[in-house]
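Enquirer: This structure is in C-alpha cells; I'll ask about it shortly.
The values are calculated or read from the model by the stated rules, or taken from the named source; none is laboratory data. Computed from a predicted model, the values in this text were never measured in an experiment. With ideal geometry, Cβ positions are generated from the backbone for all residues, glycine too; neighbour counts draw on all protein chains shown. Calculation scope for accessible area: heavy atoms of the full protein, side chains included, ligands and nucleic acids excluded. Shrake-Rupley method; radii C 1.70, N 1.55, O 1.52, S 1.80 Å.
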There are 2 protein chains.
Amino acid sequence: MAPLADLYQLTAAYGQWRAGRAALPAAAELFFRRGPFGGAPALAAGLAQGLRCLRAFRFSAADVAYLRSVLPSTTEDAFFDYLATLDASEVTVSAVPEGSVVFARVPFLQVKGPLLVVQLLETTLLCLVNYASLVATNAARFRLLAGPDVKLMEIGLRRAQGPDGALSASKYSYIGGFDYTSNILAGKLYGIPVRGTVAHSFIMSFSSLEEVQPRTPPQKANRGELAAFVSYAITFPRDFQGLLDTYCVRRSGLPNFCAVALALQQLGYRAIGVRLDSGDLAQQSKEIRQVLRACGAHFQVPWFETIPIAVSNDISEQSLEEFQREGSEIDMIGVGTNLVTCPLQPSLGCVYKLVEVNGSPCLKLTEDEEKMTIPGTKTIYRLYDAAGHPFMDLMALEEEPSPSAGQELVVHVLGQFGETSKVVPTTVETLHRTYFRDGQVCEPLPSLPEVRSHAQVSLSLLSPAHRQLHQPQPYPVAVTEKLHHLLTKLRQARQ
Amino acid sequence: MAPLADLYQLTAAYGQWRAGRAALPAAAELFFRRGPFGGAPALAAGLAQGLRCLRAFRFSAADVAYLRSVLPSTTEDAFFDYLATLDASEVTVSAVPEGSVVFARVPFLQVKGPLLVVQLLETTLLCLVNYASLVATNAARFRLLAGPDVKLMEIGLRRAQGPDGALSASKYSYIGGFDYTSNILAGKLYGIPVRGTVAHSFIMSFSSLEEVQPRTPPQKANRGELAAFVSYAITFPRDFQGLLDTYCVRRSGLPNFCAVALALQQLGYRAIGVRLDSGDLAQQSKEIRQVLRACGAHFQVPWFETIPIAVSNDISEQSLEEFQREGSEIDMIGVGTNLVTCPLQPSLGCVYKLVEVNGSPCLKLTEDEEKMTIPGTKTIYRLYDAAGHPFMDLMALEEEPSPSAGQELVVHVLGQFGETSKVVPTTVETLHRTYFRDGQVCEPLPSLPEVRSHAQVSLSLLSPAHRQLHQPQPYPVAVTEKLHHLLTKLRQARQ
C-alpha cells in the first residue's frame, strides 16, 4: 500500500530529505472546502481503513526498486535506503469518530509526525476517506428522503469503479443508513446483510411451461414467465417473490404472480414480495397494491395486501421525492448508479493540508480565497445549544484552554472576518479522539453497525434547518480570537 | 473473485439447478442501451480483466460456506457441493478487441456456456467492463478536445472510489489517450508512464530562506516559496519546476521561479516547467508565457520562452474548450475528478442479457421500449464506406452467411422498424474475436500501449459527424431481414 501516492509526493519527500528536513515535526489536516450537495454537512467515513493503511505503511523492496526507476537519475542512493526504513510508527492521528457529521472547512482528521511521512500520507488518506465519506453522505440523504421504514438496498456493484469501488460503496452505504446490499462479496467480507430479488435473466431463460419440473397446466399471460415463477416458487417456497416487468406487469407479471402466490398459500407458504424495474414505479405500485388487496379479499388471504413491493431502475433523490409526492405503495428501494457514482456530487473534494512545520504555522494564501488554509495545530470543539442541537464548530489553537459550557465565547465566524460574535454554548464537545499512536491503533474501533447507529444519532442531533436536504442553512464554523489573530498576522506577513 | 455477484444471481442459479436446467446451453450479450454523453460512441475496455476473472472463476470453500449462510435454509446441500465444482471451463467468450469503438445496442462481448455459469458471470463482467469503458471513453473525449500535442496527465487517485477504482482510472485513461498518471502504484503495476509536478505542501513547508541548505541571500516575494524553489532546484537540478500559485503568481511565484531558473541556467541546467492550480488558468498561462519570453530575451536564454506550462484544478471538458477559445499557452493538463468520476456520464449503463437458452432465442419485452433486447446468438459486422469510415453496424443471426463487400444488403435499422434500407458496404469487418475457450484465454492479448494505439486508430476511422463530441450524428445499427423476422415473430407471440 505504501506507493499509493502521487509521484509529486515522492519528489517532495526527496526534497525534504535532502534539505535535512525529513524528520521535522509537522501537522496536516484533512477537510473539505465546501459542503457537498450545495452546502450540506457530510458524514466522515473511511477512518478505519485509513488506520489499517497506516499500520501497514512501508515501502517494500519492489516498491523501492520501482521508485528508483521513476525518480530522477540524480536521486541519491541513500534516499532509497532511507525509504526502505520508513514506517508510520512516529505518526499520531486524531479524528472524529467514524460516521460523525462534519462541516466544510472543519478538519475531521489530523496527522502529526515527521514532515516527510506526514506529506507522503496525503493521497493515501484522501483516497480512502474521500469516496467513503461521499457515499456514506449520499446514502444518508436517501435514508432521510425514504423515511425510517422503507427498506433501502444498495445494488451498485455493476456500476461502481470495479470490485473494490463496489465494496466501498456497499460498506459506506450501509454506514449511511442503507439496510442491505446485493453484493455477496461485501456481505462475506463485512457482514453487511445481503438481499436479492429475482433477476430478469432468470425469467427470460424460461420460454414455456414445458420447462417446469414438475409440469403444470398451461394458463393465460406469458407462459415463459409463469414457468419461471413456478420454478422459482418450487425452489424457494418460503422466499417466493415475483419480478413483474419482464413482459407486461398488468397483463402478465401480476396475474402470474398472484396465481403462483395463491397456489403457494394453499400449501402453507407466503410469498415475500414483488419487484418492478421499469415504467412509472409509483403509479404501478399503487395499481399493484390495489390488485393485491382485491385478490387478498377475494380469496380470503389477508396477508396478500401487505406483500412488500420493491422497485429499482435508476432511482435518484428525485425518484424518492416523487414516490412520496404520489403516495406510492413502495416498501423497498434498490439504488445503484445514483448511490455509488453520486452524480449530484461526484467527489467530496477533501483536501489534506500542512498546518504546521517545525513549530511554525503554515498558510496557503492563493488567488482563490476559498483555497486559503487555517494555520496551526488545532483542537476542534462542537458547540451545542439548549435544545441539544450543534450550532457552531469552533477551531482553537491546541495550546488554548478548552471553552466551558455556559460561558460566553468571543469567536470569529469564517466568512465574516473582522466581526466578532459572542456565543454561549450549553454543551461543548471535543470532536477528535486520538486513534493512532506509536504505530498502533490506540482506540477501539466500532463495528459497522455501531458506526451506522452513530451516523444516525449524529444526523438526528442537527437542527431541522441544518439537516434539510435542499439549501440547508449554512452552519457557522468559527475560530477563536487567538487563532484569528494568528491568521491575520500570517496573511499580512505574506502580502 | 467468484462471489463478485449480486445475491439474486445465486438464487437464480439455485432455481436453474433445481429445475435441472443448469447445464442448458445459453448465450448472453453485453452492451449499452444508449450512447454515452448524449449518444456518442464508446471505447470498449475491461476485456482483459474480465478474461483473467473468468480464468480464476471458482467458489472457494469459504465462499460456499458464506453462501450457505445467506441462501434460504431450504437450499439443498447438493447445490453447494455443485457450486464447489463450478468453473468457467465450458464458457466461450467473444468480444471486440479492447479499445475498439462501440455503439449503443451492439453487443461488444458475448458469452456462451452452461446457463447457470453464464448467468452467474453477469455482474462480474459488468463490474469490470462498465467503468473501464466509461473512463476510457471519457479520456478519449479529453484527448479529442486537447488535440494531439498537449500532454494529458491523470491525477484522480484521491477522488476515485478507493485504491482499486483509482488504478482502473489510471489504466483506462491511458488506454483512452492520456499520456501519464500521477499514481505511482499504477505505474508500478501496469507500466504506465508516471509524472509529477510540485506539491503545495512542499512549498508551504518552507517559511524562510534560513531553511535552505546551503543558505542563499534574501530577496523580495514570498521567502518561504523562494526557499522551497531553491531547495527543490538543488535537489532536482535537471528536473526543476515551479508551482507558482501557493501565494501570488504574479508577485511571488513567477519572479521566484525565474530567479531560480536563471540561476540554474548559469550552472548549466534547464528548468522543466511551471504549474498553476488556481485562478483563470488560460489567462494566467498567457501572462506567464509573456513574462517567460521577456525574461528569455532579456537574459538571452532562448529556451526560457518554451518552458512548459502545466495546469490543474477541476479541469473539465468545458475547461479545455475555454483554453482553446482563449488561445491559452498551456502545454500539459492534469485531470482528476472530472476524468475519474465522469460527472457528465456517471455510468455507461452496460447491461448483460440472455439472448438464447437451449436453442431458443430469448426476448425481454417490457414497458420500456428501450429495454427490449434483440434475441438470438449473433454475428456482428461493421460496414465501411468507400472513404474508410464505418457507416453501420449490422447484427445477423449466427447461422446466416457473412455479408460480402460490394454487394447490396437489405437491412432493418433499429428505431426504424417496418422500413428496410439497402446498403452496399465497401468493406465488411467481423467485429468479434473469440478470446476465451476451454478455460483458457485463446487469443493473444495486446499490451496496454497496443490497446491505446488501437483506440486512437478506431476513433480516427469514424467520420467527423460520428466523432464530434457534441450531438454526434446517430450511428445506424441494423439487423438482417432474418433477425428482424425472428424479432417480429417473438414480439407477436409475446403480446
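Enquirer: Can A:ALA40 be described as open to solvent by less than 10 Å² (accessible area, probe 1.4 Å), of a type in the set (A, V, I, L, M), away from chain B (no Cβ under 12 Å) and farther than 23 Å from B:LEU226 by Cβ?
Expert: yes
Enquirer: Among the residues of the stretch B:43-69 satisfying the criterion of being among the basic types (Lys, Arg) and out of contact with any Leu (no Cβ under 8 Å at 6 or more places or on another chain), which is farthest from the other protein chains (Cβ to nearest Cβ)?
Expert: B:ARG55
Enquirer: Which one is farthest from B:VAL117 (Cα to Cα) among residues in the stretch B:407-452 that are among the aromatic types (Phe, Trp, Tyr) and touching a strand residue (DSSP E or B) at 6+ places or on another chain (Cβ under 7 Å)?
Expert: Top of the filtered list is B:TYR435.
Enquirer: B:PRO97 versus (1) surrounded by 19 or more Cβ atoms within 10 Å (Cβ to Cβ); (2) out of contact with any His (no Cβ under 9 Å at 6 or more places or on another chain): which is the lone unmet condition?
Expert: Every condition holds for B:PRO97 apart from (2).
Enquirer: Moving on. Have a look at B:ALA48, B:ALA62, B:ALA84, B:ALA23 and point out the one that is open to solvent by 10 Å² or more (accessible area, probe 1.4 Å) and in a loop (DSSP other than H, G, I, E, B).
Expert: Checking each option against the conditions leaves just B:ALA23.
Enquirer: List pairs: first in the stretch B:102-129 and at positive phi and within 12 Å of chain A (Cβ to nearest Cβ), second part of a loop (DSSP other than H, G, I, E, B) and surrounded by fewer than 24 Cβ atoms within 10 Å (Cβ to Cβ), Cβ under 7 Å, 6+ apart or cross-chain?
Expert: Close Cβ pairs satisfying both conditions: none exist.
Enquirer: Same structure again: Residues of the stretch B:230-252 being in contact with a strand residue (DSSP E or B) (Cβ under 6 Å, 6 or more places away or on another chain) and either more than 8 Å from every other protein chain (Cβ to nearest Cβ) or part of a helix (DSSP H, G or I) (or both), which ones?
Expert: B:GLN241, B:GLY242, B:LEU243, B:LEU244
Enquirer: Let me ask something else about it. Checking the conditions here, which among A:ALA95, A:ALA23 is of a type outside the set (Phe, Trp, Tyr), under 30 Å from A:ILE374 (Cβ atoms), within 34 Å of the chain's Cα centre (by Cα) and at pLDDT 95 or above?
Expert: After applying the criteria, what remains is A:ALA95.
Enquirer: Condition test on A:ARG33, is it more than 25 Å from A:PRO444 (Cβ to Cβ), within 11 Å of chain B (Cβ to nearest Cβ) and open to solvent by 10 Å² or more (accessible area, probe 1.4 Å)?
Expert: Judged against the criteria, A:ARG33 is not a match.
Enquirer: Please specify each residue of the stretch A:65-76 satisfying the condition of being outside any helix (DSSP H, G or I) and open to solvent by less than 60 Å² (accessible area, probe 1.4 Å).
Expert: Passing the criteria: A:LEU71, A:PRO72, A:THR74, A:THR75.
Enquirer: On to the next question. A:ALA104 fails exactly one of the following numbered conditions: (1) surrounded by fewer than 24 Cβ atoms within 10 Å (Cβ to Cβ); (2) out of contact with any Gly (no Cβ under 9 Å at 6 or more places or on another chain); (3) farther than 26 Å from B:ALA186 by Cβ; (4) not charged (D, E, K, R). What is the number of that condition?
Expert: Condition not satisfied by A:ALA104: (2).
Enquirer: Considering only residues of the stretch A:132-152 that are over 20 Å from A:PRO464 (Cα atoms) and open to solvent by 10 Å² or more (accessible area, probe 1.4 Å), which is farthest from the other protein chains (Cβ to nearest Cβ)?
Expert: A:VAL150
Enquirer: Here's a follow-up. Tell me, which helices (runs of 4 or more DSSP H) lie completely within the stretch A:158-209 with 3 or more residues that are within 7 Å of chain B (Cβ to nearest Cβ), without any contact (Cβ under 8 Å) to a residue 40 or more places away in the chain and in contact with a strand residue (DSSP E or B) (Cβ under 9 Å, 6 or more places away or on another chain)?
Expert: A:184-190
Enquirer: When B:SER231 is evaluated against the numbered criteria (1) more than 23 Å from A:VAL118 (Cβ to Cβ); (2) among the small types (Gly, Ala, Ser); (3) modelled with pLDDT of 80 or more, which criterion, by number, is the only one it fails?
Expert: All conditions pass for B:SER231, except number (1).
Enquirer: Sticking with this one: So is A:VAL479 in the same structural domain as A:PRO390 (by TED's automatic domain parsing) and over 22 Å from the mean Cα position of the chain (by Cα) or not?
Expert: Spelling it out, A:VAL479 is indeed in the same structural domain as A:PRO390 (by TED's automatic domain parsing) and over 22 Å from the mean Cα position of the chain (by Cα).
Enquirer: Check whether at least one residue in the stretch B:360-373 is open to solvent by 30 Å² or more (accessible area, probe 1.4 Å), acidic (Asp, Glu) and modelled with pLDDT of 95 or more, and report yes or no.
Expert: no
Enquirer: On to the next question. Looking only at residues in the stretch B:253-283 that are open to solvent by less than 60 Å² (accessible area, probe 1.4 Å) and part of a loop (DSSP other than H, G, I, E, B), which one is farthest from B:ILE155 (Cα to Cα)?
Expert: B:ALA271
Enquirer: Exactly one condition in (1) outside any strand (DSSP E or B); (2) under 28 Å from the mean Cα position of the chain (by Cα); (3) of a type in the set (Ser, Thr, Tyr) is not met by A:THR488; state its number.
Expert: If we test A:THR488 against (1) outside any strand (DSSP E or B); (2) under 28 Å from the mean Cα position of the chain (by Cα); (3) of a type in the set (Ser, Thr, Tyr), just (2) comes out false.
Enquirer: I'm trying to understand the selection: among the residues of the stretch A:277-311, which are among the hydroxyl-bearing types (Ser, Thr, Tyr) and within 14 Å of A:SER328 (Cα to Cα)?
Expert: Listed by number, the residues that qualify are A:SER285, A:THR306.
Enquirer: Which ones in the stretch A:417-452 are loosely packed, with under 12 Cβ neighbours inside 10 Å and over 24 Å from A:GLU98 (Cβ atoms)?
Expert: A:GLY418, A:GLU419, A:LYS422 - these are the residues of the stretch A:417-452 that are loosely packed, with under 12 Cβ neighbours inside 10 Å and over 24 Å from A:GLU98 (Cβ atoms).
Enquirer: Among the residues in the stretch A:109-116, are any in a helix (DSSP H, G or I), farther than 18 Å from A:GLY349 by Cα and open to solvent by 10 Å² or more (accessible area, probe 1.4 Å)?
Expert: No, the stretch A:109-116 contains no residue that is in a helix (DSSP H, G or I), farther than 18 Å from A:GLY349 by Cα and open to solvent by 10 Å² or more (accessible area, probe 1.4 Å).
The rows are residues; the columns are (1) in contact with a strand residue (DSSP E or B) (Cβ under 6 Å, 6 or more places away or on another chain); (2) of a type in the set (Phe, Trp, Tyr); (3) free of Cβ contacts under 8 Å to residues at least 24 places away in the same chain.
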site	(1), (2), (3)
A:LEU10	no, no, no
A:TYR14	no, yes, no
A:ALA19	no, no, yes
A:PHE32	yes, yes, no
A:GLY39	no, no, no
A:ALA44	yes, no, no
A:ALA56	no, no, no
A:LEU67	no, no, no
